[in-house]
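Where a number appears in this text, it was derived from the coordinates with a stated rule and is not lab data. This structure is a prediction, so every number in the text was calculated from the model and none was measured. FYI the Cβ positions are ideal-geometry reconstructions off the backbone, even for glycines, and counts take in every protein chain you see.
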């Protein structure tokens, strides 16, 4: 195995991690501030991808599509928050799970109704065509590098938002003490709507970016959602830092596991069996990592104190 | 002197910079009521939590019946005979008063992994539980769900549940809180007889009750015990008067 | 104690009789499809009865019970396939097409898988528990997909329905009666557990775990036992489901399935003895009635579910039998 392949897969893992971070950041923020578990977060990912693909097809511009995906996902998030989600904050987690599960059914079938069952396609913008040479030979897709870049920008942006701005101060206050924030005279229902829409927009952005790598179809958000759950469970629910760390860990472990496990097993087993068992093990690897982490840190690596 | 039932030595617990328990030592001898008083935020509940096992101390020793219990969880300590009541009632809210006490009876028998016999037809559970409710004067409310009991009745039920465990020591965290004067008076009389059954470590704000009941009083301020003694000694201790009763020296 | 026949008892009896009557009426009217529909209800209800032990009694929101439903299904599928091809299993153990043996295997396998999953998951609580059970189920789902020996993504067909001594399982009515009988057994077990000492401790663990620990019962052991028993019953239902469809696939393991099992309970009424039965009836009825009108029936299911969660928290049993009573 060459260094180039390893670097390429490492970058792929990083890119997957960045996607997961965009999803997980919203989930963890919504949980941290509002105490809500949102299964329908994958629907915003899907909405972002569909909005981007539709608008890009109509206007011919990926970038317009990208803006549309942010707007569409944020708007969907705000509407859903006001219509349904805000009735759930005081409910137990079971009710939250069920109501947001219902939302998935509604969003998925609704999208299928509007767009049909066939996948849409979204092209990589011309600006980001091409590849960059890697050290050790080989090339890497520029678009995937750009996604990694976007992830870093969002991570820094979120950090600045939360640590430096008025909104961020309110979010932090909301996490630690709901009554106090009401006492400060902040309109808490508006804050919740804004936080939910922000989380939805991040998911929509992730969906739009990934839409150009895969096909855009109903149900695309669900596998990502479950991985994002693994990420925030590992990182500690409510912690953005944990989400970032967990996302990169899951992305890299999953990608490298699929590459390295079958190869490692060839040392012990005949190649056909090694590929089989290695493949099956690799598909389970991140869940095993999660179980191991939880066995030692039941509330995740960066759990908030409480 | 015989070995105390419960002995705490140099217990420490910090939350960040706050020393909630700062080297506390105290003991509970058989047959006594030892009251723990102190202003709000002195660390009384934190101390009770560490003794009952819902909080882990940073350092120090807790011995119960001659055994080091620091490594045991709450359930294991309860099985040894350390019964506790909570500051805010902590009952199974949907269960009736009777079923709450029956749970303690079954716990005492160590029979929670029995899957078949219906509990309501099991007289080895219902009869002792009913007897406990009668002792605390709650028999008439046996079939009322805990959630529908009055505040005072819930405190009585907490005590009945603790009694049903057949404990070797009671930890009672503000049992009088929220009770009317009549209820507090009745409960005081009841606790007075209870000390014969097992010694009581009593955290209480109601000074009338403390002074009426306590054999010894310890005063906790800022995580430290500033004085221990009988009621008269505590009443006349200048440091206590200054720190706790807010009088000038 | 009280010998009054409650409204709930009447409702329960009516539901049980109704479900029993449907297939006989269907046979009389020569509409065997409705027998299959009733069998589907009985099996889904049994799966949900299993989940109801963990979720309804213990308050353990397992979002991963599809793992056990699917494992039960694969137990039936794998044993039947080996027997069909006359290939022994590992270590030369012969495969079988006998339903009782298959059920036993499904029960044991699900119990053995549920123990470690429960032991890790129950170290956590609340949202963590929900997400971790989901993740473990997903792990088994991906394993089934990536393991080609038993059909991978395509699933596994059972060419000849497994057998039960003295019964022709190829006919719809006998199969229904087998499933109905097991459902009744499951309900009796649920009822017995709920009223037992174990059930008292389990329900107390849901209402207030601190209370349980304060009387000296460790909630973990009680919960782990409940989780395991719950998984075994759901796994048994999975084995029946595979035999009904003569097919088992990763979709039985999918998280949609986990969600649907919870939905069944909530539609029917959480923690209620007949909640899963009422819920399964409603669910299959929706599926059938709405599915007949529109391909998009899941959209309407979503809307109905949302309505139930937001406005009708007692579910169907809460509606027809009133509030639940504890002794």
For the range B:20-103, state the semi-axes of the equivalent ellipsoid (square roots of 5 times the eigenvalues of the alpha-carbon gyration tensor), sorted largest first and rounded to whole angstrom.
-> 24, 17, 14
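Where does chain B land at 222 nm, in deg cm²/dmol rounded to the nearest 500, when only DSSP H runs of n ≥ 4 count, each adding -39500 (n - 2.57), divided by all residues?
Numbers: 9 runs with 89 residues, N = 249.
-10500 deg cm²/dmol, from helical runs alone.
For n ≥ 4 DSSP H runs only, could you compute -39500 (n - 2.57) per run for chain A, divide by its residues and tell me the 222 nm figure to the nearest 500? Let's see the in-between values first.
On the way: 11 runs with 227 residues, N = 306.
Only helices count here, giving -25500 deg cm²/dmol.
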Please report, to one decimal in angstroms, the Kirkwood hydrodynamic radius of the range B:168-235 built from all distinct Cα-Cα pairs.
-> 12.6
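Please express the shape of the range C:1-114 as an equivalent ellipsoid: the semi-axes are the square roots of 5 times the eigenvalues of the C-alpha gyration tensor, given largest first in whole angstrom.
33, 23, 12
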Give the share of C-alpha pairs in each 10 angstrom bin for chain A, from 0 to the last occupied bin, in whole percents, shortest bins first.
-> 6, 25, 33, 24, 9, 2, 0
Between the range A:217-281 and the range B:78-99, what's the alpha-carbon centroid distance in Å?
-> 45
Per-q log10 I(q)/I(0), the range B:93-164, q = 0.14, 0.19 Å⁻¹ (Debye; single scatterer per alpha-carbon; no solvent) = -0.37, -0.67
In a Debye calculation with equal point scatterers on the alpha-carbon sites of the range A:159-297 and no solvent, what is log10 I(q)/I(0) at q = 0.12 Å⁻¹?
-> -0.68
In whole Å, how far is the Cα centre of the range B:183-249 from that of the range B:129-175?
-> 23
Expressed as a whole number, the average count of other chain Cβ atoms within 10 Å around the Cβ atoms of A:228-234 is 4
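What FRET efficiency comes out for residue B:131 versus residue C:6 if R0 is 25 angstrom and r is the Cβ-Cβ distance? Round to the nearest 0.05. Kindly include the intermediate steps, with their values, before the conclusion.
Numbers: r = 29 Å, r/R0 = 1.15.
Using R0 = 25 Å, I get an efficiency of 0.30.
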Once you have the alpha carbon radius of gyration of the range A:1-87, what is it after dividing by 2.2 N^0.38 Å, with N set to its residue count?
-> 1.38
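Classify the range C:199-327: rounded, prolate or oblate, from the alpha-carbon gyration tensor (a ≥ b ≥ c, eigenvalue square roots; a/c under 1.5 rounded; otherwise prolate if a/b is larger than b/c)? Before the final figure, lay out the partial values.
Working: a/c = 2.49, a/b = 1.46, b/c = 1.70.
Oblate shape, in that a/c is at least 1.5 and b/c is the bigger or equal ratio.
Over the range B:93-164, what is the relative contact order in percent, taking alpha-carbon pairs closer than 8 angstrom and at least six residues apart?
Working: 75 pairs, mean separation 35.3, N = 72.
So the answer I get is 49 percent.
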Have a look at the range C:248-293 and give its Rg and Dmax from the Cα atoms, expressed in angstrom.
-> 11.6, 32
Any chance you could list P(r) for the range C:187-226, counting all Cα-Cα pairs in 10 angstrom bins from zero, rounded to whole %?
-> 34, 53, 13, 0
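Divide the volume of the convex hull of the Cα atoms of the range C:94-165 by its number of residues and quote the answer in cubic angstrom per residue.
Taking the convex hull of the Cα positions in the range C:94-165, it is 121 Å³ per residue.
At 1.567 mPa s and 4 °C, plugging the Kirkwood radius over alpha-carbon pairs of the range A:77-132 into Stokes-Einstein gives what diffusion coefficient in µm²/s? Could the numbers behind the result be given before it?
Numbers: Rh = 14.4 Å.
Answer from the Stokes-Einstein relation: 90 µm²/s.
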Quick one, what does Rg over Rh come out to for the range A:189-250 if you take C-alpha atoms and the Kirkwood Rh?
-> 1.01
Asserting the computed 222 nm helical MRE of chain C (DSSP H runs at least 4 long, -39500 (n - 2.57) per run, divided by residue count, to nearest 500) equals -23500 deg cm²/dmol
Hey, how many Å between the Cα centroid of the range C:242-309 and the Cα centroid of the range A:1-62?
-> 30
Kirkwood-based Rg over Rh for chain B (C-alpha set), two decimals?
-> 0.98
The Cα extents of the protein assembly as shown along the principal axes, largest first and rounded to whole Å, are 88, 71, 55
Once you treat every alpha carbon in the range C:144-268 as an equal point and sum by Debye, what is log10 I(q)/I(0) at q = 0.11 Å⁻¹?
-> -0.56
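How would you order A:17-30, A:57-70 from highest to lowest mean count of nearby Cβ atoms within 10 Å? If you can, show how the numbers build up before the last one.
Values: A:17-30: 27.7, A:57-70: 17.6.
In descending order of packing, they fall as A:17-30, A:57-70.
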Cα-based Rg and Dmax for the range C:47-161, where Dmax is the largest Cα-Cα distance (Å) = 15.5, 47
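List the relative contact order of chain C as a percent without decimals, with contacts defined as Cα pairs under 8 Å and 6+ residues apart.
Working: 529 pairs, mean separation 105.9, N = 327.
Normalised by residue count, the contact order of chain C is 32 percent.
Relative to the present Cα-Cα distance, how much length would full extension add between residue B:193 and residue B:56 at 0.36 nm per residue of separation? Mind dumping the intermediate values first?
Values: separation 137, 0.36 × 137 = 49.32 nm, distance 3.21 nm.
My answer for the length gained is 46.1 nm.
Cα convex hull of chain C: how many Å³ per residue?
Values: hull volume 49.5 nm³, N = 327.
Normalising the Cα hull of chain C by residue number yields 151 Å³.
Kirkwood hydrodynamic radius of the range A:79-214 from all distinct Cα pairs, in Å? Could the numbers behind the result be given before it?
Numbers: mean 1/r = 0.0542 Å⁻¹.
Value: 18.5 Å, from the Cα pair sum.
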Any idea what the relative contact order of chain B is, in percent, if you count C-alpha pairs under 8 Å spaced at least 6 apart?
-> 27
Using alpha carbon coordinates only, what is the Rg to Rh ratio of the range B:1-69, with Rh defined as the Kirkwood radius?
-> 0.97
Note on the range A:222-289: alpha-carbon gyration tensor, axes a ≥ b ≥ c; rule is a/c under 1.5 for rounded, else prolate if a/b larger than b/c, else oblate; result prolate
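What is the range C:1-48 by shape, rounded, prolate or oblate, if you read a ≥ b ≥ c off the alpha carbon gyration tensor as root eigenvalues and call it rounded for a/c under 1.5, prolate for a/b larger than b/c, and oblate otherwise? Before the final figure, lay out each step's value.
Working: a/c = 5.20, a/b = 1.98, b/c = 2.63.
It is oblate, given that a/c is not under 1.5 and a/b is not larger than b/c.
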Roughly what % of Cα-Cα distances in the range C:209-260 sit above 19 Å, to the whole percent?
-> 47
